[in-house]
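Here is the structure we will look at, set down as structure tokens.
The values are calculated or read from the model by the stated rules, or taken from the named source; none is laboratory data. Keep in mind it's a predicted model, so treat the numbers as computed, not measured. Counting neighbours? That spans all protein chains shown, and the Cβs are built from the backbone with ideal geometry, glycine included. The protein model used for the area step is the full one, side chains on, heavy atoms only, and it has no ligands, DNA or RNA in it. Shrake-Rupley method; radii C 1.70, N 1.55, O 1.52, S 1.80 Å.
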2 protein chains.
Amino acid sequence: MSDSYIKMWKGLGLDLKAHDMLLGVLGKAYQDIYLAQKDRPAGMGYFDFVMSEVHGLRIKELLDEKEAGRKVIGSYCVFVPEEIVLAANATLVGLCPGADFAMEEVEKLLPRNTCALIKSSFGFKLGKVCPYLESADMIVGENTCDGKKKAYESLNNLVGNLYVMDLPQVKSGQGRVLLKVEYDRFRAAVEELTGVSITAESLKHAIWTVNAKRSAIHRLSSLRKADPTPISGLDALLANQVFFYDNPARFTESVNKICDELENRIADKKGVSPEKTPRMLVSGCPMAVPNWKLPWIVETSGAVIVGEESCVGARGTRNLTDDSGNSMEDLMEAIVDRYFKIDCAIFTPNPERLNHIVEMYEEYRADGVIHYGLQFCQPYLMEAIPIEKALESKNIPTLRIDTDYSMEDFGQLKTRVEAFIEMLK
Amino acid sequence: MSDSYIKMWKGLGLDLKAHDMLLGVLGKAYQDIYLAQKDRPAGMGYFDFVMSEVHGLRIKELLDEKEAGRKVIGSYCVFVPEEIVLAANATLVGLCPGADFAMEEVEKLLPRNTCALIKSSFGFKLGKVCPYLESADMIVGENTCDGKKKAYESLNNLVGNLYVMDLPQVKSGQGRVLLKVEYDRFRAAVEELTGVSITAESLKHAIWTVNAKRSAIHRLSSLRKADPTPISGLDALLANQVFFYDNPARFTESVNKICDELENRIADKKGVSPEKTPRMLVSGCPMAVPNWKLPWIVETSGAVIVGEESCVGARGTRNLTDDSGNSMEDLMEAIVDRYFKIDCAIFTPNPERLNHIVEMYEEYRADGVIHYGLQFCQPYLMEAIPIEKALESKNIPTLRIDTDYSMEDFGQLKTRVEAFIEMLK
């Protein structure tokens, strides 16, 4: 560890001992799960570097940006529009962590029966191990599920700069009005934070930047339709995870470079696993770094993941924002249109999600669907049952898994996943 | 059981065997919990009768009303405005049940980690044991918590007449607009169902009727401030429960009659327990019939309950609707104003609830607060932790309980409640 990083983390108020421990665990997991994979695309070297520097170089970049007067905004949800943040010359970073930390302290503030994602967010704050959170000039919460909505009330006592965005629960006319009002309010808050007036021009440029990032991910996703698939689900998930952290332009370039390589692989019929390896679609709750448990199990059990119907995946990235408008109002309406399409389980009803799962199952030529639910995540667990029934009625093999961030159920999950994959052969 | 009731239940499609079992359990519980109490007000005879006929005479009345062309609307929440229903010459009945039923069937449709109230609603439908549900011409769901919001999507497949009302999550200007839009939409739906055009006059009359019912409950509540308290918490809870089922005018008259009696008791210094018996405020999740477990434990452990900060209690009934307007628009605005004040944990933030608990604690001269949370009820369990801390910082003794409808934890709860009461002496 370089001395300058230690100084940087200290300056952010991190608990150096706890943070060292976290980096140790993260490094070991990355080694065991990622670097142990065979036949990885050479382009993944970029993401290996990003991950090795996830609390180092990237944080230094953010702090350099801050030094130069740029603001950093942290978010816990794909409903926070990056376009608005970039248009104000600020940087958006994802704050959702995927590992248990300081659980004893967390359970003094949150009920034990809270999902791992929310608990983890609190744990990273209470344990003082998240340099992104500590670098943020504004932290954006949003009224999605009850768990997050109510947890932000407590988080507000732990951080000094929480901004909460309200969200609709129904895709009605009134629901869309609420989203528009809230995005306008957010734009004003971002302008106030940054001291930058967003213009139609800056917003249009920001839309291009974010669309380019999404288009690169769409290209990557599309290449996974090939059999043999040229990239593992683990590696594709990593790209989807880094989507939330990296500099947008550099991310776009790096993903496109990998895509060039994957196209050559496809031409050469080269894959990460043999042709006709059982292909899996994963659908459900988001997987934040370093929550790689389920894909690791799947891809070491004889199957390959070809798509993620998830916030960290297609649900978060699938639609572009229409860039054809030239006025602020038109572009803001386009942003509202784009985000209002997100088929999150917080909406009722949410039939688009089932349609999207079926569509992905077909397009990616999957052999089965694994529904991934975080324990106590009511919206996704509630949807899981009717979705499983609907998929099975269409003869789509489905495995429903509820889990958390612990490794306690690893053996049990592996047995279930192996049995499911065996059934598909 | 009279033959005519059996015919009536059969006509409603009830499962007679299962329903008999339910009535048997209900009757036994009522005997053990209610009729075993000492020194009850004579006026409670009315509620004993109501309860003995809760699936009999009251259902016959509803069916007679239906025969005469009146519509019956069922609801699961205090956000459904009875004023609008009555103004259309329809009857509103509560549908929340307080007992486990057909759990095996329920868990095929809902995650195991769903609160007992929601599971029970499904159990009473799947088990075919709720004559209220089967009598309803319209069943109103509402987007309160994630659990209910998402469960209604499945309930929609079980009943043919579900209407879902959207609700705000924030007490903002936009939140109030949503509530107004939704109440206007509900008014139109009720008019369409009933074929009755609601007028300013009929709405004003309905407001009077519901206000009178609430005022009677306020009077009853107020008398519980006396020491010794003239009525048990169990009996007062029963009145609050029957509030959701009974004919409004008859309910108002019966409660006021009990209040006359209680005033005499207070003058005579006569109570249901000796002066200086530890006085408890219960706060949290609603208790639907026959969910009497916690108050039964409290009142057989040496304390008396003097107030309920609950939907089935003060949270549901505390504010009157302003009846001073003369136009439809003014009266609708008054209704929105009244319901928008409800301090349900679905709102974020929800500081009014803590204020109300402290206010009730002082007004009712309570010695302690028991926070009652249903397991997996995220909004109330999330609020429970900061509320407990805030109350304790004000030196208000607080006991936090999470439970469900089963009797499995009875002994454990009793031990905890007894210890808490002992501490207050």
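Quick notes on this structure:
- For chain A, adding -39500 (n - 2.57) for each run of n ≥ 4 DSSP H residues and dividing by the number of residues yields -16000 deg cm²/dmol at 222 nm.
- Here is the size of segment A:199-279 from its Cα atoms: Rg then Dmax, 14.5, 51 Å.
- 5 angstrom amide H check on A:Gly74, placed H, neighbours 5+ away: A:Val93, A:Asp137, A:Met138, A:Ile139, A:Val140
- Free-standing Cys, chain A [no other Cys Cβ under 4.7 Å]: A:Cys77, A:Cys96, A:Cys130, A:Cys145, A:Cys259, A:Cys285, A:Cys311, A:Cys344
- Counting, for every residue in B:153-166, the Cβ atoms of other protein chains within 10 Å of its Cβ and taking the mean gives 2.
- This model, with +1 at the C-beta of Lys and Arg and -1 at the C-beta of Asp and Glu, gives segment B:10-166 a dipole about its Cα centre of some 240 debye.
- Volume per residue that the Cα convex hull of segment A:68-159 spans, once the total is divided by residue count, Å³: 91 Å³
- 28 Å Cα-Cα threshold exceeded, pairs from A:Lys119/A:Lys225; A:Lys148/A:Lys225; B:Lys257/B:Lys389; A:Lys28/A:Lys125; A:Lys341/B:Lys341; B:Lys171/B:Lys276: A:Lys119/A:Lys225; A:Lys148/A:Lys225; B:Lys257/B:Lys389; A:Lys341/B:Lys341; B:Lys171/B:Lys276
- Shape box of segment B:348-425 [Cα atoms, principal axes, largest first, Å]: 34, 33, 19
- Spin-label model, A:Arg176 to A:Lys38: label points 7 Å out along the Cα-to-beta-carbon direction sit 5.2 nm apart.
- Cα pair count fraction exceeding 42 Å, expressed as % - the protein assembly as shown: 38 percent
- Pairs of Cα atoms nearer than 8 Å and 6+ residues apart set the relative contact order; for chain A it is 18 percent.
- Whole-angstrom gap from segment B:20-78 to segment B:209-231, using each part's C-alpha centre: 20 Å
- More than 24 angstrom apart: percent of Cα pairs within segment B:1-114: 43 percent
- Charge sum, other residues only, whose C-beta stays under 12 Å from A:Phe244's C-beta, Lys/Arg counted +1 and Asp/Glu -1: 0
- The residues of segment A:170-219 listed by number as losing at least 50 Å² of accessible area in the complex, against the isolated chain and with a 1.4 Å probe, are A:Gln174.
- Computed from the alpha carbon positions, the gyration tensor of segment B:105-232 leads to an equivalent ellipsoid with semi-axes of 29, 25, 18 Å, biggest first.
- Surface share of carbon and sulfur [accessible, 1.4 angstrom probe, percent] for the protein assembly as shown: 53 percent
- Of all stretches in chain A that contain no GluC sites (Glu not before Pro) in a DSSP loop with at most 14 other Cβ atoms within 10 Å, the longest one is A:54-274.
- FRET E, pair A:Met407, A:Asn157, Förster distance 30 Å, beta-carbon r, rounded to 0.05: 0.45
- On a per residue basis, the convex hull of the C-alpha atoms belonging to chain B measures out at 132 Å³.
- Relative contact order of segment B:298-401, taken over Cα pairs closer than 8 Å and 6 or more residues apart, is 20 percent.
- The orientation-averaged projected area of the convex hull spanned by the Cα atoms of segment A:294-402 comes to 8.1 nm².
- Exercise: per-residue mean of other protein chain Cβ atoms within 10 Å, A:370-381: 3
- Nm distances between copies for A:Leu63, ranked from closest, using label points 7 Å along Cα→Cβ: 7.7
- Summed over both chains, the accessible area lost when B and A associate is about 3300 Å², using a 1.4 Å probe.
- One quarter of the convex hull surface built on the alpha carbon atoms of segment A:140-195 amounts to 4.0 nm², the projected area averaged over directions.
- A point 7 Å from Cα along Cα→Cβ stands in for A:Ser172, and the other copies hold the same point at 1.7 nm, listed in rising order.
- For segment B:401-425 and segment B:234-286, distance of Cα centres in Å: 23 Å
- For A:Glu333, inter-copy separations between label points set 7 Å beyond Cα along the Cβ vector come to 3.0 nm, shortest first.
- Per residue, the accessible area of the protein assembly as shown comes to 37 Å², computed with a 1.4 Å probe over protein heavy atoms only.
- Each Cα pair under 8 Å and six or more residues apart adds its separation to the average, and for segment A:178-313 the resulting relative contact order is 28 percent.
- Note on segment B:221-326: Cα-Cα pairs beyond 19 Å make up 46% of the total pair count.
- Considering only chain A, the C-beta nearest to the rotation axis that sends A to B is found at A:Asp146, 2, the distance in whole Å.
- Relative intensity, log₁₀ I(q)/I(0), of segment B:116-166 from a Debye sum that treats every alpha carbon as a point, q = 0.19, 0.27 Å⁻¹: -0.59, -1.19
- Rounded, prolate or oblate (a/c below 1.5 giving rounded, otherwise prolate when a/b exceeds b/c) for segment A:175-215 by Cα gyration tensor: oblate
- Buried on assembly, segment B:312-348 (at least 30 Å² less accessible surface than by itself, 1.4 Å probe): B:Thr348
- Net lengthening on full extension, A:Glu275/A:Asp330 (0.36 nm per residue, minus Cα-Cα): 15.1 nm
- By the Kirkwood approach, averaging reciprocal distances over each pair of separate Cα atoms, segment B:232-283 gets a hydrodynamic radius of 12.6 Å.
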